[in-house]
Amino acid sequence: MGKFNNSLSDAAKSLLNEQVLEQRKLNVELEASVLSLFYKQGARVNECNEITESEKADELLMKLKSQLTDTNEITKHLKESTNEIQTSVEASINSVAIMASNIQRAANAILKLAADVGSIHNIVNASDSGSDILNEIDTINSLIKKTAFNAQISSQRSMETSVLAAQIAPEVVVTHVEKIHLEAVKMLGDANKNESLLSEKVANNKSNLLKALSEEKTLGGRLQHTFVNCKGHLNTYDNINKTVNFGLNVITKGMSGNTFTIAFNNVESSFYNTTKAPFNDVKDYVLFFVKDKDKSAFNIVKAQELLHAKGDGKKRFTIIEMDGKNKPVSTDGKIKKEIEFDEVLDTDGETLIRGNDYVVFLMIEFTDDYKKMRNDYSDVLSAPSLAFSMKYKLNSPEARSIKVMLKQPGSTIDGILTFEVNQISTAFTPEYRCYFLPYALDKQNRFLTESEMATFMHDLEEQNNKNISEVKKEKALNMSLLNGLDGLYELSPIPIFNSVVANKVPVSNYSVAQYKNAAPSTFITATVKIQANTTDSFGHPLIKGQTYLPVILTTSDGTDKTAKQYAISLSDPVQTKPFVIK
């Protein structure tokens, strides 16, 4: 290759490499923006929950305050009654003491009378024994003795009554009633104070909610800005790639599958033959699959060495013949070649491994006649394509199979979630992570999300090599306006959530499903217990009366090898039914 072509090739590689590095930086920023928005939405959910709980507490406090007001009135009247009782008791004690004194005097008089009657009886008995008068005196003496005895008993009991009455302590009752009344007054005062504090808390929560909403919009704008930069940068790369690198692209149709397609622009000669048709200048297109980490060391010299090597060296490239029966069909100036992933080798002679990153180099081998006409016998090697990789895609459960059964009578758990899924192999045991996303029934509580951006991260992960112009044809930008924020946003009942976000959620914020393999069948049923310590995707406890949407992420079994070779899969939240915690 001439010096001019060498310089042009080096400049193309350098320019494209700069674009790739900048794109990687933007991809990191985009992922960070998505996660920031997700967690800010979580903060907003927390503020909404705080307001809901505060309003419930305020309702209970109002009922308690009403009861305390009634109690305060009761204790107030009770206090007044005890004061009256104390006065009455004191008067009663005095009355009983006077009564006891009067009874004592009466008893003493009766005893004196009894003594006098006894003396009379003795005199009569001595002077007039056996007379009628003596009989009457005997009767009177007997009755007066009984009366005297009863008078002594009455006197004793009146004294005891006076002592017992004196022992009554109404001031103790009054003290207790006053204490109860003071406690009721204090509790009512605390209720009023708590009402004030709760009102202040509700006001602060609402203020924080407005702040969180404002910050959410700010992050949404930042995300939109980063998203537009990513799309614009990919467009820039696509245009540069078309101009200086033959439009070389690898179309993987997602990371799973067994085939991928190499697409590039057909090279047409600027010379014409005698029939005024373009000169047939390309003999073969040669594809080299190079490990991404080795792409900087691959050049035209190594390509030609492999092209002219013998033995195993011949298997380290793929030739697209332009003059044979297998000549690829060129449409719109493009040539496409479908490749079987497991049937090609890289430039090291190794089979392609799923999960590893590779790039493609395109070598254009010109015909001898064309080289003579140009007086240049060199061939051309492209710059590397964008890196690509292919993985085994794990299966996620269908939305219709995800079901939630809430607490049954006698159950010790709040509920159970079940789902069915067809695993890719009985020898492989993936992990199924269940996320409970807050689900906003009211439009005013819904979340900022973006339909294309939600899948754009997926595109970066699974279709980052796809021709950008083809992506544009498949997806049209859905422009909308939300609360004065220009962008690609729409309102969603759930937070922004995709496989990239799900894979970054802490282990404490999701539940791992339990299941057993039923070999030889790959069809399994998995369960997730919904318990008191179960949280939503933001780490907040599930709240009774709130609505949630379950989403299942299928991941590898945890080893580095499987994590690299298997692509995670997320169930469809749009088709999944939400449920209410009871």
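The values are calculated or read from the model by the stated rules, or taken from the named source; none is laboratory data. On a predicted model such as this, the values are computed, not experimentally measured, just so you know. Every residue, glycine as well, gets a Cβ built from its backbone with ideal geometry; the counts of neighbours run over all protein chains shown. When the accessible area is computed, the model is the full protein with side chains, heavy atoms only, and any ligands, DNA or RNA have been set aside. Shrake-Rupley method; radii C 1.70, N 1.55, O 1.52, S 1.80 Å.
Structural remarks
- Residue within segment 365-375 that is farther than 30 Å from Thr527 by Cα, in contact with a helix residue (DSSP H, G or I) (Cβ under 6 Å, 6 or more places away or on another chain) and either free of Cβ contacts under 8 Å to residues at least 24 places away in the same chain or not small (Gly, Ala, Ser) (or both) present: no
- Among residues of segment 535-544, those that are out of contact with any Gly (no Cβ under 9 Å at 6 or more places or on another chain) and in contact (Cβ under 8 Å) with a residue 60 or more places away in the chain, counted: 3
- Pick from segment 178-213, criterion among the hydroxyl-bearing types (Ser, Thr, Tyr) and modelled with pLDDT under 80, ranking: nearest to Glu59 (Cα to Cα): Ser199
- Of the residues Tyr510, Tyr548, the single one that is of a type outside the set (A, V, I, L, M, F, W, C), surrounded by 15 or more Cβ atoms within 10 Å (Cβ to Cβ), modelled with pLDDT of 90 or more and out of contact with any helix residue (DSSP H, G or I) (no Cβ under 9 Å at 6 or more places or on another chain) is Tyr548.
- Every residue from segment 35-53 that is among the aromatic types (Phe, Trp, Tyr) and surrounded by fewer than 20 Cβ atoms within 10 Å (Cβ to Cβ): Tyr39
- Hits in segment 84-122 - residues which are among the hydroxyl-bearing types (Ser, Thr, Tyr) and in contact (Cβ under 8 Å) with a residue 24 or more places away in the chain: Ser92
- Scan of segment 322-348 for residues that are exposed (fewer than 15 other Cβ atoms within 10 Å of the Cβ), charged (D, E, K, R) and at pLDDT 70 or above, ordered by number: Asp332, Glu338, Glu340, Asp342, Glu343, Asp348
- Selection count, segment 537-558, where residues are in a strand (DSSP E or B) and of a type in the set (A, V, I, L, M, F, W, C): 4
- Qualifying position, being crowded, with 17+ Cβ neighbours inside 10 Å, at pLDDT below 80 and of a type outside the set (Asp, Glu), among Leu68, Leu60, Leu26: Leu68
- Taken over segment 403-433, residues that are part of a loop (DSSP other than H, G, I, E, B) and either of a type in the set (D, E, K, R) or modelled with pLDDT of 95 or more (or both) amount to 2.
- Out of Lys65, Lys112, Lys76, Lys25, sole residue that is closer than 30 Å to Ser154 by Cβ and either charged (D, E, K, R) or out of contact with any helix residue (DSSP H, G or I) (no Cβ under 6 Å at 6 or more places or on another chain) (or both): Lys112
- Subset of segment 352-368 (residues that are more than 13 Å from Met390 (Cα to Cα) and open to solvent by 10 Å² or more (accessible area, probe 1.4 Å)): Glu365, Phe366, Thr367, Asp368
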